[in-house]
Every structure is written in structure tokens, then in C-alpha cells.
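Taking it in order: structure first as C-alpha cells, then the write-up.
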Amino acid sequence: MPDELKHLPLIQRVLAREKDTPGALLPILHAIQGGVGYIPDLAVGEIAHALNLSLAEVRGVISFYHDFRTTPPARHTLRLCRAESCQSRGAEALAAQLREQLGLDDHGVSEDGALDLRPVYCLGACACSPALELDGQLYARVTPERLRALVAGCREELKAC
Ligand code: FES
């Protein structure tokens, strides 16, 4: 929490700008996440106070939308396609490999903070299934070996820091 204090000026600027607009909660949450990278716990109380909502109401909205994060983002975001075409061409085996390699369910941040794993339902690369996106870059016809190398590359980079 003390580290979150550095985000307070940004949170206050967003609240001052947005709090009186109708339906302000979502724009406020997006603006804070856009500026900070996630929704710090400190922001929940500030938002609740500014919008005259309960803490539970604000937390409920944050948890309802999967795109809102309550922890700092990982260094890399990996989105594995789980839609039909990719499923029929090995995405489930890749998902199982990721679960084992990262120690995660299909969604979450690896313990070392290297990777944020998220499922996605079609990346528009169905003809080249299975596909994934790593930090916004598309990878197609992904093999287990290629996936293992991509994940290892993300983790090695972390060790080098
Ligand atoms: S189904 Fe995976 S890219 Fe379309």
C-alpha cells in the first residue's frame, strides 16, 4: 500500500475530471488502469468516496470485468487462443503444457511475474492454428517446442535483470 501512494495524484486527477459524468465508474477504472497499469487497492476507497458508492460496489465492478487488474502487470502477456479452430489443432495440449510450465490455471500471473496468461477466443488466424499472441505479436502454427521456447525466453529475460 505505501508504494501505491505514488499513484494517488493520478487517481485524484482522474476522479476530479470524471466523477461528475454519468456512468463515471467504468471510465474512471479504465483511466486509472491505463495510467497505473492496474487498479491499486488505494484507488478503491478513493473511487467509492468520490462516487458515493460502497467499497463492495466498486470491488464488485472490478472483479466482474476480467480486463481489470488488481495487481501490477506481468512483464509479458501471453494470450492463447482457445476457440474452435485452434482447439481442433492442438490448443488444448498447449494449454495443458502452459498449466504445467507456469503452475497456473488458464488465467493468471506466473509466480515469478514473468507472464500473464490469458485465454482468448479467436485471434483471426484460424487458417494457421493453433495461434497465440505474446505482447501483441501473433504466433501461428505454434508447436509445443515453440511454446516452450517462447515461455523460457520470457523467463530468461527476467533472470538477466
Ligand atoms: S480460432 Fe484460433 S485464431 Fe481463430
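The values are calculated or read from the model by the stated rules, or taken from the named source; none is laboratory data. Keep in mind that what you see is a predicted model, and the values were worked out from it rather than measured. Cβ placement follows ideal geometry from the backbone for every residue including glycine, while neighbour counts extend to all protein chains displayed.
Inside the stretch 45-60, can you point out the residues that are in contact with a helix residue (DSSP H, G or I) (Cβ under 8 Å, 6 or more places away or on another chain) and assigned to a loop (DSSP other than H, G, I, E, B)?
Result: Leu53, Ser54.
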- All but one of (1) out of contact with any helix residue (DSSP H, G or I) (no Cβ under 8 Å at 6 or more places or on another chain); (2) over 22 Å from Arg75 (Cα atoms); (3) at pLDDT below 95 hold for Thr21; which doesn't? (1)
- Task: Answer with yes or no whether Ala83 is of a type in the set (A, V, I, L, M) and either within 9 Å of the ligand (Cβ to nearest atom) or within 18 Å of the chain's Cα centre (by Cα) (or both).
- Result: yes
- Task: Output the qualifying pairs, or none if there are none: Cβ atoms under 9 angstrom, residues six or more apart or on different chains, first residue in the stretch 92-109 and closer than 16 Å to Ala149 by Cα, second residue among the hydrophobic types (A, V, I, L, M, F, W, C) and in a loop (DSSP other than H, G, I, E, B).
- Result: Leu94/Val142; Leu98/Leu104; Leu102/Ala114
- Task: Output the residue which, of all residues in the stretch 102-115 that are modelled with pLDDT under 90 and outside any loop (DSSP other than H, G, I, E, B), is surrounded by the most Cβ atoms within 10 Å (Cβ to Cβ).
- Result: Val109
- Task: With the condition kept exactly as written, say whether any residue in the stretch 54-69 is at pLDDT below 95 and surrounded by 13 or more Cβ atoms within 10 Å (Cβ to Cβ).
- Result: yes
- Task: Scan the stretch 130-137 and give yes if some residue there is surrounded by fewer than 17 Cβ atoms within 10 Å (Cβ to Cβ), within 20 Å of the chain's Cα centre (by Cα) and either within 16 Å of the ligand (Cβ to nearest atom) or not in a loop (DSSP other than H, G, I, E, B) (or both), otherwise no.
- Result: yes
- Restrict the check to the stretch 127-142 and report whether at least one residue is among the small types (Gly, Ala, Ser), touching a strand residue (DSSP E or B) at 6+ places or on another chain (Cβ under 6 Å) and modelled with pLDDT of 95 or more. yes
- Task: Could you tell me whether any residue of the stretch 81-92 is in the same structural domain as His107 (by TED's automatic domain parsing) and of a type in the set (Ser, Thr, Tyr)?
- Result: yes
- Task: State which residue pairs qualify: first residue near the ligand (Cβ under 7 Å from one of its atoms) and inside the stretch 111-127, second residue of a type in the set (D, E, K, R) in any location, beta carbons under 6 Å apart, and separation of 6 or more residues or different chains.
- Result: Leu123/Glu133
